[in-house]
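Below you will find the structure I want to go over with you.
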Amino acid sequence: MDQQSVDSTAAHRRPVVLCVDDETRILGALSRLLWQEPINVMLTQDPQEALELIGRGHIRVVIADQRMPGMSGTMLLRTVQETSPQTARVMLTAHPDSALVTERTRGTIQCLITKPWSDQILRQTIRQFIAGSGSYEQ
């Protein structure tokens, strides 16, 4: 097996983190933040597309914005919880409120991180979910 095949196979087995936000600058920032992590990062502005990707399987962590056109982050993460319970669910929002805290208590949101976020905390949170060691809250 040549080195390119080995690299491709290793990259294929990396955990997948899906970032969902209607703002391209946020997706760009998340991509830049995570590019050196041993993960595959997928980006989408469309919550419906996110659900299609999750339906295909192998998404380890979903990071979703709360306020998006067409579907709230809460509704997206609730659907992920129902259809792919093994997928970790992180809410990244500039507008935390009591309803989000309630959803976190119910388990819909496993981790609630506010914008602007701490790069260190977000990376640590993703690493903990990939390692299977629970949640972390900012």
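So, of the residues in segment 83-105 that are touching a helix residue (DSSP H, G or I) at 6+ places or on another chain (Cβ under 9 Å) and of a type outside the set (V, I, T), which turns out to be modelled with the lowest pLDDT?
Ranking the qualifying residues of segment 83-105, first place goes to E103.
Any residue in segment 64-71 that is closer than 17 Å to I130 by Cα, touching an Asp or Glu at 6+ places or on another chain (Cβ under 9 Å), touching a residue at least 24 places away in the same chain (Cβ under 8 Å) and in a strand (DSSP E or B)?
Yes, that holds for at least one residue.
Would you check if E82 is over 16 Å from R104 (Cα atoms) and either assigned to a strand (DSSP E or B) or not β-branched (V, I, T) (or both)?
no
What single numbered condition from (1) polar (S, T, N, Q); (2) surrounded by 13 or more Cβ atoms within 10 Å (Cβ to Cβ); (3) not in a loop (DSSP other than H, G, I, E, B) fails to hold for T108?
(3)
From (1) over 19 Å from V16 (Cα atoms); (2) in contact with a Lys or Arg (Cβ under 9 Å, 6 or more places away or on another chain), pick out the condition that doesn't hold for I63.
Only one criterion in (1) over 19 Å from V16 (Cα atoms); (2) in contact with a Lys or Arg (Cβ under 9 Å, 6 or more places away or on another chain) is unmet by I63, namely (1).
Related question: Would you mind stating whether M91 is more than 14 Å from the chain's Cα centre (by Cα) and either loosely packed, with under 14 Cβ neighbours inside 10 Å or outside any helix (DSSP H, G or I) (or both)?
Against the criterion (more than 14 Å from the chain's Cα centre (by Cα) and either loosely packed, with under 14 Cβ neighbours inside 10 Å or outside any helix (DSSP H, G or I) (or both)), M91 does not qualify.
Counting only residues that are part of a loop (DSSP other than H, G, I, E, B) and within 17 Å of I130 (Cβ to Cβ), which one in segment 21-57 is nearest to the chain's Cα centre (by Cα)?
The extreme case among them is I39.
The values are calculated or read from the model by the stated rules, or taken from the named source; none is laboratory data. Owing to the predicted nature of the structure, the values given are computational and were not obtained by experimental measurement. No Cβ is skipped: glycine too gets one built from the backbone with ideal geometry, and neighbour counts run over all protein chains shown.
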